[in-house]
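Participant: Dumping the structure here so I can ask a few things about it.
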Amino acid sequence: MDVQFNIGARQINEEVHEVELKIAVSAKTGKGTAYIVDLSYCGLVGMRNLDEGQAHAFTFAEAPRILFPFARRVIADAVRDAGFAPLMLEPLDFNGLYTQQLMEQQAAAQGAPAGNA
């Protein structure tokens, strides 16, 4: 079983963003691929009076956390309706993943050379 997650966002207007939670699932058996599910689940979120850091955190951590249970249900139903046992994805800590990614980006920026040598 291979499960991949990706989060994307685009600004609709000053206060509204579209957040896209992409989930790709591939289940393989000894005989080949059993099924593939590729889901893009989107939501519109409104934000007002947030600084850029708070808005970024909400867009890439909190909004996906809100969308995930619904996307998880769509995948479970689709797999079940195809005749397989429902796939119940484990909950994810989107805030923890967001924080980890920020720390990795900061560490990479600090360790990167300052110019061309």
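Participant: Counting only protein heavy atoms, what percent of the accessible surface of the stretch 49-117 is carbon or sulfur at a 1.4 Å probe?
Facilitator: The nonpolar share, carbon plus sulfur, comes to 56 percent.
Participant: P(r) tail for the stretch 1-51, what percent of Cα pairs lie past 12 Å?
Facilitator: Here the long-distance tail beyond 12 Å is 68 percent of all Cα pairs in the stretch 1-51.
Participant: Continuing with this model, one more query. Stretched out fully, how many nm does the piece from I66 to A85 gain, at 0.36 nm a residue minus the Cα gap?
Facilitator: Additional length available on full extension: 4.4 nm.
Participant: So, one more: So which GluC sites (Glu not before Pro) in the stretch 2-58 end up in coil per DSSP with only 10 or fewer other C-beta atoms within 10 Å?
Facilitator: Sites meeting the loop and neighbour criteria: E14.
Participant: In the chain, if the dipole is taken from +1 on Lys/Arg beta carbons and -1 on Asp/Glu beta carbons about the Cα centre, which of F84, Y41, P64 is farthest to the positive end?
Facilitator: F84
Participant: Same structure again: Taking a probe of 1.4 Å, how large is the accessible area per residue of the chain, in Å²?
Facilitator: So the chain comes to 70 Å² accessible per residue, rounded to a whole number.
Participant: Would you please give the FRET efficiency between I12 and A107, computed as 1/(1 + (r/R0)^6) with r the Cβ-Cβ distance and R0 = 25 Å, to the nearest 0.05?
Facilitator: Efficiency computed from Cβ-Cβ geometry: 0.15.
Participant: What number, in nm² with one decimal, is the all-direction average of the projected area of the convex hull of the alpha-carbon atoms of the chain?
Facilitator: So the mean shadow area of the Cα hull is 10.8 nm².
Participant: For a quick check, take a GNM of the chain with Cα springs below 10 Å and name the residue from A78, A57, A34 with the largest mean-square fluctuation.
Facilitator: A34
The values are calculated or read from the model by the stated rules, or taken from the named source; none is laboratory data. Note that the coordinates shown come from a computational prediction; the quantities given were computed from them, not determined experimentally. Methodologically, a virtual Cβ is constructed for each residue, glycine included, from the backbone with ideal geometry; neighbour enumeration extends over all protein chains shown. Side chains included, ligands, DNA and RNA excluded: accessible areas come from the protein's heavy atoms. Shrake-Rupley method; radii C 1.70, N 1.55, O 1.52, S 1.80 Å.
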